[in-house]
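The values are calculated or read from the model by the stated rules, or taken from the named source; none is laboratory data. Note that the structure is predicted; figures quoted are calculated from it, not measured. Positions of Cβ are backbone-derived with ideal geometry, glycine not excepted, and every protein chain shown enters the neighbour counts. SASA here: full protein model, heavy atoms, side chains in, ligands and nucleic acids out. Shrake-Rupley method; radii C 1.70, N 1.55, O 1.52, S 1.80 Å.
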Amino acid sequence: MVIKIITDSGSDLPLEYVEKYNVTIVHLPVHFGHDLMPEHTETKVFYEMMRESKELPTTASPSPQSFLEAFKEVEPGTDIMVLCMSSNISSTYQTATIAKEMYEEEGHPNAIEVIDTKRFSGGLSLIVATAARLSLTCSLAELKEKVLKQVGETTAYFTLDTLENVIKGGRLNRLSGAVASVLNIKLLLKISEDEGKVEVVEKTRGLPKALNLLLSKLDEKQYDYEKAAIAIVHSNCEKLALEIKSRILEKHPFKEVVFSSMGPVMGTYAGEGGIGVAF
């Protein structure tokens, strides 16, 4: 039985995977001031808008109704798996769970599993891509078991070229962030496996050193390259991301690379010039 995969726009899932596996994306609303940005705004257009805006755009979780409508569009007899970004950075998982309860109360037939992946952006896109591939041959119970195993094994790191957006967004102390910016300090950040929170791993002087440190983290794992996949995400710096991809594959020949640009949800907080990997 084919299982319908649904995720949120915090996944930054590449369009090729959306189309190949018919994945449904439930979008988080993004506002510039009082204006709601259209859901399908191109990523490059979003970054141009953000560059020109005096205020940082704001994001919110989708409503339970948005998820409920996505569930109702799935044909009867097709089970559903919903893979949500970390509940510790967004309430999307909670709203999807509410929508599941509403769906079941209305008496619809399809079984639904809602999973808090404890990841976002590249980490979530890697999990969604794998789940979408496995969904063609697994039952819902089997898929849930495999996804939860992958959630426990997926490691995600990223580094940002600018701290401006995380300062504006209240994710970093303004004084500390200002000092770091003046000293050209770059942060290597990690998404904690158990809680799905952002942690500072190390501080380095300059982006090249931060990227070298990020790449060194891949050496800490063992891989079966015939099966292994890696996700690489960037915030409007494709040329740099492609260079990072090349450097990774020279040393670590992953069979599959899930490569994408951070969309408006993640891009709002990352700012331009960010690079992330998940493996």
At R0 = 25 Å the Cβ-Cβ FRET efficiency linking residue 251 and residue 227, nearest 0.05, sits at 0.90
In nanometres, the difference between 0.36 nm per residue of separation and the alpha-carbon distance of residue 164 and residue 217 is 16.5 nm
For the range 1-96, the Cα convex hull volume per residue in Å³ comes to 107 Å³
Whole-percent carbon and sulfur contribution to the accessible surface of the range 8-55 (1.4 Å, no ligands, DNA or RNA) stands at 50 percent
Note to self: C-alpha centroids of the range 202-244 and the range 246-268 sit apart, in Å, by 8 Å
Per GNM of the chain with C-alpha springs under 10 angstrom, the most fluctuating residue out of 21, 223, 93 is 223
Quotient of Cα radius of gyration and Kirkwood radius for the range 205-244, i.e. Rg/Rh, equals 1.02
Result for the chain: accessible area per residue, probe 1.4 angstrom, in square angstrom, of 48 Å²
Measuring from the longest principal axis of the C-alpha atoms of the chain, the long axis of helix 122-134 (C-alpha) lies at a number of degrees, nearest 10, equal to 30 degrees
Packing-ranked peptide list from 225-231, 81-87, highest mean Cβ count within 10 angstrom first, is 81-87, 225-231
When the chain is treated as a Gaussian network with springs between alpha carbons less than 10 Å apart, the largest mean-square fluctuation among 137, 117, 268 is found at 137
Of 30-37, 211-218, ordering from highest average Cβ density within 10 Å down gives 211-218, 30-37
Relative contact order of the chain (C-alpha contacts under 8 Å, at least 6 apart) in percent is 23 percent
Taking Lys and Arg as +1 and Asp and Glu as -1, residues besides residue 201 with C-beta under 10 Å from its C-beta add up to +1
To the nearest 0.05, the calculated FRET efficiency linking residue 195 and residue 111 through their beta-carbon distance, R0 being 22 Å, is 0.20
Expressed in Å to one decimal, the Kirkwood Rh of the chain from all distinct alpha-carbon pairs is 19.2 Å
